[in-house]
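Structure first, commentary second.
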Amino acid sequence: MFNNKWKKLGVIAGLSLSLIAAGCGTSGGDAQTETSVSEEMEYTITGIEPGAGQTETNEIALSEYDSLAGWQQELSSTGAMLTELDDAIDKEEPIVISAWSPHYMFANWDIKYLEDPKGIYGEEESITTIARKGLKEDMPEAHTILDRFEWELADVESGLLEAQEKSFEEVAQEWVNENQETVAEWTEGVDPVDGTPIELVLTPWDAETFTNNIAKVILEQQGYSVTLTPVDPAVMFEAIADGSADASLAPWMPSTHGELYAEYEGQFEDLGPNVDGAKIGLAVPAYMDIDSIEDLEPKE
């Protein structure tokens, strides 16, 4: 009797505690598990176009990082990604995007790259100037100016933001007008020429279009007749190597165009970086309290 009595009381007490706990879990939500940032984002990277190089790199990251287990990419277009970023920032919601520098997104929004401990996205790169063999002898004035060109990453990204409302030609001319001291340093001691033609080849990417248009304005002020020719990266290196074009301010080194650089190495002159700090990776709004890809959580 004694044991049965206490057994019954224990069962009743256990049921009461269970009901109390259940009640606490459903009133006000105070005892519920908080939704993680990763869950809020539905374990999704907001990506860009299918087939893009960074899209493929994101897939590698998804397979290599334990913190991205179960994650997926949402693919459509760069424009759609930027629209989603703008909307998320307006609402102060979490979002992870495909990002690269130089790009106006960093001038337009306060965003930051997530650290990449595994090095999936590679190290920072430089956008480099290369010239055909013999340019220094044929066009010493142009060679000197090309060798001196160097832009700050922030200047390029600000220019790219302005180019959303104006043409690259207009923005380049305005940049030259507003940076006469820098232009004077690049052209110091350089004699003007009289209509000498020069061709610059470039990849059809916005940052390279902006900087090459600045180069065009400055070279034309020195008397050159400048042609800008957008081409595929492989054609860009081939044209400089065989001398059918004079120079390019567009190669990304050491990773993005590293294989092409190695293929044609020795057949052109490397004049060094014209923009430092180029990179790709995953980025988030600065208000998000995470700093690394490993701060994200896998989908259970």
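The values are calculated or read from the model by the stated rules, or taken from the named source; none is laboratory data. Because the structure is a prediction, the values reported are computed rather than measured. Positions of Cβ are backbone-derived with ideal geometry, glycine not excepted, and every protein chain shown enters the neighbour counts.
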key: region 38-52: number of residues that are under 18 Å from residue 293 (Cα atoms) and among the hydrophobic types (A, V, I, L, M, F, W, C)   = 2
task = Sort through 131, 88 and tell me the only one that's modelled with pLDDT of 95 or more and in a helix (DSSP H, G or I).
result = 88
note = The residue from 79, 119 that alone is outside the structural domain of residue 243 (by TED's automatic domain parsing), among the small types (Gly, Ala, Ser) and outside any helix (DSSP H, G or I) is 119
message = When the residues of region 53-75 are narrowed to those that are of a type in the set (Gly, Ala, Ser) and not in a helix (DSSP H, G or I), which ends up nearest to residue 293 (Cα to Cα)?
response = 69
task = Give 245, 262, 241, 250 a once-over and let me know the one that is in contact with a helix residue (DSSP H, G or I) (Cβ under 7 Å, 6 or more places away or on another chain), closer than 22 Å to residue 121 by Cα, at pLDDT 95 or above and outside the structural domain of residue 107 (by TED's automatic domain parsing).
result = 250
remark   = Over region 210-232, the set of residues over 23 Å from residue 138 (Cβ atoms) and in a loop (DSSP other than H, G, I, E, B) is 232
task = Only residues that are in contact with a helix residue (DSSP H, G or I) (Cβ under 6 Å, 6 or more places away or on another chain) and small (Gly, Ala, Ser): list them for region 102-130, please.
result = 107
key: Considering residues of region 102-140 that are more than 20 Å from residue 290 (Cα to Cα) and in contact with a Gly (Cβ under 6 Å, 6 or more places away or on another chain) only, the residue surrounded by the most Cβ atoms within 10 Å (Cβ to Cβ)   = 132
key: Count of residues meeting criterion [surrounded by 14 or more Cβ atoms within 10 Å (Cβ to Cβ) and either in a loop (DSSP other than H, G, I, E, B) or not aromatic (Phe, Trp, Tyr) (or both)] in region 255-270   = 7
query = Among the residues of region 271-291, how many are of a type in the set (Asp, Glu) and in a strand (DSSP E or B)?
reply = 1
task = Output yes when any residue across region 211-222 is within 19 Å of the chain's Cα centre (by Cα) and modelled with pLDDT under 95, and no when none is.
result = no
request  = Take the residues in region 193-209 that are in contact with an Asp or Glu (Cβ under 9 Å, 6 or more places away or on another chain) and not in a strand (DSSP E or B), then tell me which one is surrounded by the most Cβ atoms within 10 Å (Cβ to Cβ).
outcome  = 207
